[in-house]
Amino acid sequence: MRHAFYLLYLRLNWVHWQETLAENRSIIIMDLEYSKFSDASKKGSWKTALLFAYQSLGVVYGDLSTSPLYVYKSTFAEDIQHSESNEEIFGVLSFVFWTLTLVPLFKYVFVVLRADDNGEGGTFALYSLICRHANVSLLPNRQVADEAVSTYKLEHPPEKRSSSRVKVYLEKHKVLHTALLILVLLGTCMVIGDGVLTPAISVFSAVSGLELSMSKEHHQYAVIPITCFILVCLFALQHYGTHRVGFLFAPVVLTWLLCISALGLYNMIHWNPHVYKALSPYYMFKFLKKTKKGGWMSLGGILLCITGSEAMFADLGHFSYAAIQTAFTFLVYPALILAYMGQAAYLSQHHHTSYHISFYVSVPESARWPVLVIAILASVVGSQAIISGTFSIINQSQSLGCFPRVKVIHTSDKIHGQIYISEINWVLMILCITVTIGFRDTKHMGNASGLAVMTVMLVTTCLMSLVIILCWNKPPAVALSFLLFFGSIELLYFSASLTKFTEGAWLPILLALFLMTIMFVWHYATIKKYEFDLHNKVSLEWLLALGPSLGVARVPGIGLVFTDLTSGIPANFSRFVTNLPAYHRILVFVCVKSVPVPFVPPAERYLVGRVGPAAHRSYRCIVRYGYRDVHQDIDSFETELVARLADFIRYDWHRSQHTSPYAEDDASHSNESSSERRLAVIGTVTFSGTPGYGIEESVEPASVSIGFSTVESVTDVIEMQAVGAGAVERRVRFAIDDDDSESDGQTKMYVQLEEELRDLMTAQEAGTAFILGHTHVETKQGSSILKRLAINFGYNFLRRNCRGPDVALKVPPISLLEVGMVYVV
């Protein structure tokens, strides 16, 4: 009677667990679908695409749309002068038009946006695509099982008959792997540098409109304080998140775009209706012929017209390709062209203005105050977008082990991807204010911002060329044409920016060198620590030999041992047992790792297996996250981990009971003490009806589903193991009927299952301890001076002054056990 009651309890408990996990999974997936708009039917709807295009204005185009505030002013700051012949202003307009047409429109909208990584964009998306199509990744603890993640699938699988020579060459030379990572880190550092410069130049340019309404004496003492005040308010409000005021962003940018379009049309009609002739490329050659070196150097100001273009690709994950393409092609691009043409038309008739060339001189006096207010609001929106992008790219760098640990706070439970990093926020604010006070003019800020923007674009062009060959399987000639065409344009602007090194362009270079040093040292030390762990891991036999005979006791509770290893026993656990001869009744070796994909579906996140026989109650759990995934807080992580362990226990007992007659490689529980059991992906799916039992040949990883006829949800399990050449993989699906559960074998299995689940629940009630390594890294004797500086001083300084792993994992101090370890690398 007691046994029958407990069987009923197990079934009800299973139903509750499955319903809870299914609910949690549906919530997470709804958030992902909300943010990534992955619903294919919605993407195909014109109404939905237009709505998304409208929403993208406030997130994507804030920076790009405010560029008319400072492009002409930066261009005519020093190198060239506006003359009566209008050759300079028409030449600049022609350059602006063709630069906007070739780079944002042709390169990004029509080519780069198509290189998405499961809907995500940005530098890391391109790097992720390349790493999945060629073995060039430097990430540690990679597994064959990672390639079975649904978001890892290759959209354009390479032909097996022949591999690209470029791919073979890249994979063969390890130094190119490092060079590729350095290239990605360079682009990342320049994006962070842009996060410092864009808010400063945008807000300063908007506020500088006060010069037309104030005397020169009052103006020079008002613009800097007002700009700094706005920047302080902007950064001080970051921790509230953008979701509270995000609904205002799109209307502000839309109003601004309509405003500059109307001003452009007014100036063209009123001052020079024939300004459209300057769109001819002839005026570019005429401009360079007249201005010579000065014209070439002035390109450092012209390139500011495309600042913010990279945001179209970086923010692709928040919107659909069709939405971003529609918004830019039919609204942003025409509005910007009209704005620049309008300013050129005004300046072509005003050669001796009492003020320097700026955006506001072309605004009618009666409209200046409203335009000033809208411009400041638009600059704040544009600054907010780049600040959020900086938080996002630092979070991605941290996920891939390329940035010191920082505390990431998610400011919205409903909208995926909205994060806040307090340390980075205040550093950005201090740097922004320092740049504003230090430079005090648009010229120097523009020179610095231009170099940062163009470097990011050059990195994107180089990575995109590799994507064309490796991922799209196009001939190298196509990639070379793309590289030469767009690369030559960007190199022209880049060379012009470098000439302004002493006039502000030194700042992004200095920031990039500083950040790249930090990121590369951190990544290098992380790899060396992993290699040390790999070479010093303990055998499974050592763990199984521990017992009362050696004075080692098992204490109540769950012990979660965090490690970077995906197999074997970490050295920090052996050190822990050596100093404290006891460990928990339920022992779980947890590896939280990153996979080179933007996100891992929740149903495929947990890879679970046994360590030793079932009686030992030891498990391994590999938790996989993508570089844009939201890491769970420790309470939900602990709860879900225990639930997944319970699901795995049920699956493993049923598998051993039902598949052993059919699979020669399935050993009994008693014979598995010499090696680790296979790992299985534990997730939650739903299906209708009762599946039958069968084995089907499949080229996919073996997928096993177990269901009871009395419940609607099942546990979807994917077993992962190294697949040799010619190996046959099996998909097994079977059902357990009520009649089978009455058999003696089923009864015995339920007794064992009941005992293991009871141990798990009892251990959870007793409490969970988190065992982490507290590491100190030092170099071997005889190491080079550079290595000693990087590890002994650089890495250890960063480790002492950044967040510890317990803070990053949000482990409560009362449950934390730290094990001191010295790594000699």
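State all residues of the stretch 311-347 that are touching a Leu at 6+ places or on another chain (Cβ under 8 Å), of a type in the set (S, T, Y) and either open to solvent by 10 Å² or more (accessible area, probe 1.4 Å) or on the phi > 0 side of the Ramachandran plot (or both); if no residue qualifies, say none.
If the condition is that a residue be touching a Leu at 6+ places or on another chain (Cβ under 8 Å), of a type in the set (S, T, Y) and either open to solvent by 10 Å² or more (accessible area, probe 1.4 Å) or on the phi > 0 side of the Ramachandran plot (or both), then Y321, T326, T329, Y333 are the ones that fit.
When you go through M445, M457 one by one, which is the residue that is outside any strand (DSSP E or B), in the same structural domain as Y360 (by the TED database) and under 18 Å from L510 (Cα atoms)?
M445
Residue-by-condition table, conditions (1) open to solvent by less than 20 Å² (accessible area, probe 1.4 Å); (2) more than 16 Å from R142 (Cα to Cα):
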{"position": "S567", "(1), (2)": "no, no"}
{"position": "N579", "(1), (2)": "no, yes"}
{"position": "L587", "(1), (2)": "yes, yes"}
{"position": "V592", "(1), (2)": "no, no"}
{"position": "L607", "(1), (2)": "yes, no"}
{"position": "R617", "(1), (2)": "yes, yes"}
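From the list L8, L50, which one is open to solvent by 50 Å² or more (accessible area, probe 1.4 Å), more than 26 Å from M454 (Cα to Cα) and modelled with pLDDT under 50?
Checking each option against the conditions leaves just L8.
Going residue by residue through the stretch 546-559, is there one that turns out to be crowded, with 18+ Cβ neighbours inside 10 Å and within 24 Å of the chain's Cα centre (by Cα)?
no
Restricting the search to the stretch 400-409, which residues are of a type outside the set (A, V, I, L, M, F, W, C) and either open to solvent by 20 Å² or more (accessible area, probe 1.4 Å) or within 14 Å of G187 (Cβ to Cβ) (or both)?
Answer for the stretch 400-409, where residues must be of a type outside the set (A, V, I, L, M, F, W, C) and either open to solvent by 20 Å² or more (accessible area, probe 1.4 Å) or within 14 Å of G187 (Cβ to Cβ) (or both): R405, K407.
Against the conditions (1) of a type outside the set (A, V, I, L, M); (2) buried (at least 19 other Cβ atoms within 10 Å of the Cβ); (3) not in a helix (DSSP H, G or I), where does H350 fall short? Just the number, please.
Going through the list (1) of a type outside the set (A, V, I, L, M); (2) buried (at least 19 other Cβ atoms within 10 Å of the Cβ); (3) not in a helix (DSSP H, G or I), H350 breaks only (2).
Only one residue in T461, T390 is touching a Lys or Arg at 6+ places or on another chain (Cβ under 9 Å) and polar (S, T, N, Q), so which one is that?
Just one listed residue meets the conditions, T461.
If T762 meets every condition in (1) open to solvent by less than 70 Å² (accessible area, probe 1.4 Å); (2) closer than 30 Å to T639 by Cα; (3) at pLDDT 90 or above; (4) of a type outside the set (A, V, I, L, M) apart from one, which number is that one?
Failed condition: (1).
Restricting to helices (runs of 4 or more DSSP H) lying wholly in the stretch 469-572: which have 3 or more residues that are more than 27 Å from M821 (Cα to Cα) and in contact (Cβ under 8 Å) with a residue 60 or more places away in the chain?
In the stretch 469-572, the matching helices (runs of 4 or more DSSP H) lie at 476-498, 506-535.
Considering (1) under 21 Å from S497 (Cβ atoms); (2) of a type in the set (A, V, I, L, M, F, W, C); (3) touching a Phe, Trp or Tyr at 6+ places or on another chain (Cβ under 8 Å), say which one A314 fails and leave the rest.
(3)
Given the conditions (1) surrounded by fewer than 21 Cβ atoms within 10 Å (Cβ to Cβ); (2) over 18 Å from the mean Cα position of the chain (by Cα); (3) not charged (D, E, K, R), report the number of the one that S383 does not fulfil.
Result: S383 fails condition (1) only.
Counting just the residues of the stretch 75-89 that are closer than 13 Å to K290 by Cβ and hydroxyl-bearing (S, T, Y), which one comes out nearest to the chain's Cα centre (by Cα)?
Among those residues, the one meeting the criterion is S83.
Do we have G389 as closer than 15 Å to Y70 by Cα and either of a type outside the set (K, R) or under 18 Å from the mean Cα position of the chain (by Cα) (or both) here?
Criteria not met by G389.
May I ask you to list pairs of residues, at least six apart or on different chains, whose Cβ atoms are under 9 Å apart, with the first in the stretch 761-772 being under 12 Å from V642 (Cβ atoms) and the second being among the basic types (K, R) and surrounded by 20 or more Cβ atoms within 10 Å (Cβ to Cβ)?
A763/R617
Working only within the stretch 766-793, note down all residues that are of a type in the set (S, T, N, Q) and within 30 Å of the chain's Cα centre (by Cα).
Selection gives T775, N792.
Does any residue of the stretch 417-438 turn out to be within 20 Å of the chain's Cα centre (by Cα), touching a residue at least 40 places away in the same chain (Cβ under 8 Å), open to solvent by 10 Å² or more (accessible area, probe 1.4 Å) and more than 28 Å from A200 (Cβ to Cβ)?
no
The values are calculated or read from the model by the stated rules, or taken from the named source; none is laboratory data. Just so we're clear, the structure is a prediction, and the values are computed from it rather than from any experiment. Backbone-built Cβ (ideal geometry, glycine too); neighbour counts: all protein chains shown. Accessible surface is based on the protein model in full, side chains and every heavy atom, while ligands, DNA and RNA are left aside. Shrake-Rupley method; radii C 1.70, N 1.55, O 1.52, S 1.80 Å.
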